[in-house]
Structure formats: structure tokens, C-alpha cells
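The values are calculated or read from the model by the stated rules, or taken from the named source; none is laboratory data. Because the structure is predicted, anything quoted here is derived from the model rather than measured. FYI the Cβ positions are ideal-geometry reconstructions off the backbone, even for glycines, and counts take in every protein chain you see. These area figures cover heavy atoms from the full protein model, side chains too; ligands, DNA and RNA do not enter into them. Shrake-Rupley method; radii C 1.70, N 1.55, O 1.52, S 1.80 Å.
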Amino acid sequence: MTTAIYPGSFDPVTRGHLDIIERASRVADRLIVSVLINSAKNPLFTVEERVQLLREETAYLPNVTVDSFDGLLVEHARKHGAHLIVRGLRAVTDFEYELQMSQTNRKIAPEVDTIFFTTSLEYAYLSSSTVKEVAGFGGDISAFVTPQVEKAVFAKIAAGRNKMR
Ligand code: PNS
């Protein structure tokens, strides 16, 4: 049985992420989408909220589960008996960082390989940061995220503004 891990920040999950999840779920027997618990960043959504959104969006895929992790990704992979890490490559600008990460991970855990999915062309420009920036200025993000995520993003931004008043 092939178990793969798709790690990331997913703040929030975009249509680009969902495209990778669906395609990777056809390659692996079991796909675990893992949200990094990263206190260094200043996220819009809590880890629990991101996990919940991902669970809702992937509920139609029976071999996909969602969890969160702290610490080294390869240790998380080992814990699940996963020998594959899934990452998306949007453009050549992603490549250096992704190559460095995959080689570091293989040095620490030689049994864990990374497979890359090239992002579908319609999502090649897309990132969670762009979604947050456009939404922050009240722009239309419906092409970037699902309706549920769109609702959650605008609710979060509104809640943040109310708190600052
Ligand atoms: O969505 P992101 O923020 O590009 O995902 C980055 C992620 C979570 C894959 C990466 O930061 C990660 O694996 N962090 C865990 C710490 C780790 O294992 N570091 C060693 C690899 S360089």
C-alpha cells in the first residue's frame, strides 16, 4: 500500500492545492494532507480551522485524510509509514526551494522520496498569499478558492477588522 503525505501551510487551501490533492489521490493508495503547525508565521487561519476547511473540501475523496504536524516532515512521514512526499511545482521559481527541501529530506530519511506534480496551467499563478492580499482589498477571489473557503476568508478578515476597532 502506497501512503503519501502532502504537506503545506494551506492558509487557506486554494483551488491549486485541491487540484494537486485530487491528482495525487489517484496515484497513492492513501493520501494524508498535513498542515504544518508553524508558530513563526502569522497565519490568517488557525491550524484547526485549516484542517477543518481541508476536510470539508476533500470529503468526496475516500482515500484522503487531513491532519497537522509539528517538527520534521520526514518524522511525520515515518510515523505514518509514508515513503512519498507530494509537492506541487508552479513555476521555475519554486524549483530551487523544492529541490533543496527534497534533497534535505532524503539526506535525513533516504527511504522517503518526493514526487512533484506540475500545477495545472489555470492555477500556475496562484498562491495562498495572493488570495489573502486580493481578499484584503475586497477583491474577487472566487476563481482562486471554493465558495466555502471564500466565505471563511472574508469572515476572518471582517472579524480581524472588528477586533482592531
Ligand atoms: O506550503 P508551504 O509553506 O510551502 O509548505 C512548506 C513545508 C510545510 C512543506 C515545509 O516548511 C516543511 O516541511 N516544514 C517542516 C520542517 C522540516 O521538515 N524541514 C526540513 C525540510 S527543509
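In the set Leu36, Leu54, Leu18, only one residue is touching a helix residue (DSSP H, G or I) at 6+ places or on another chain (Cβ under 7 Å), open to solvent by less than 70 Å² (accessible area, probe 1.4 Å) and of a type in the set (A, V, I, L, M, F, W, C); that residue is Leu18. Only one of the numbered conditions (1) within 10 Å of the ligand (Cβ to nearest atom); (2) under 23 Å from Lys41 (Cβ atoms) is violated by Ala109, and that is (2).
Output the residue which, of all residues in the range 21-33 that are out of contact with any helix residue (DSSP H, G or I) (no Cβ under 7 Å at 6 or more places or on another chain) and part of a helix (DSSP H, G or I), is nearest to the ligand (Cβ to nearest atom).
Applying the filter and picking the extreme gives Ala24.
Of Val86, Val66, Val74, Val92, all but one fail to be of a type in the set (Val, Ile, Thr), closer than 26 Å to Glu48 by Cα and away from the ligand (no atom under 11 Å from the Cβ); the exception is Val66.
Among residues of the range 66-92 being under 22 Å from Thr118 (Cα atoms) and under 15 Å from the mean Cα position of the chain (by Cα), the one that is modelled with the lowest pLDDT is Arg90.
Looking only at the range 114-139, filter to residues that are open to solvent by 100 Å² or more (accessible area, probe 1.4 Å) and part of a loop (DSSP other than H, G, I, E, B); which one of those is modelled with the lowest pLDDT? Looking at residues that are open to solvent by 100 Å² or more (accessible area, probe 1.4 Å) and part of a loop (DSSP other than H, G, I, E, B), I get Tyr125.
When Glu111, Glu98 are checked against the criterion of being open to solvent by 70 Å² or more (accessible area, probe 1.4 Å), at pLDDT 95 or above and farther than 19 Å from Ser25 by Cβ, Glu111 stands alone in meeting it.
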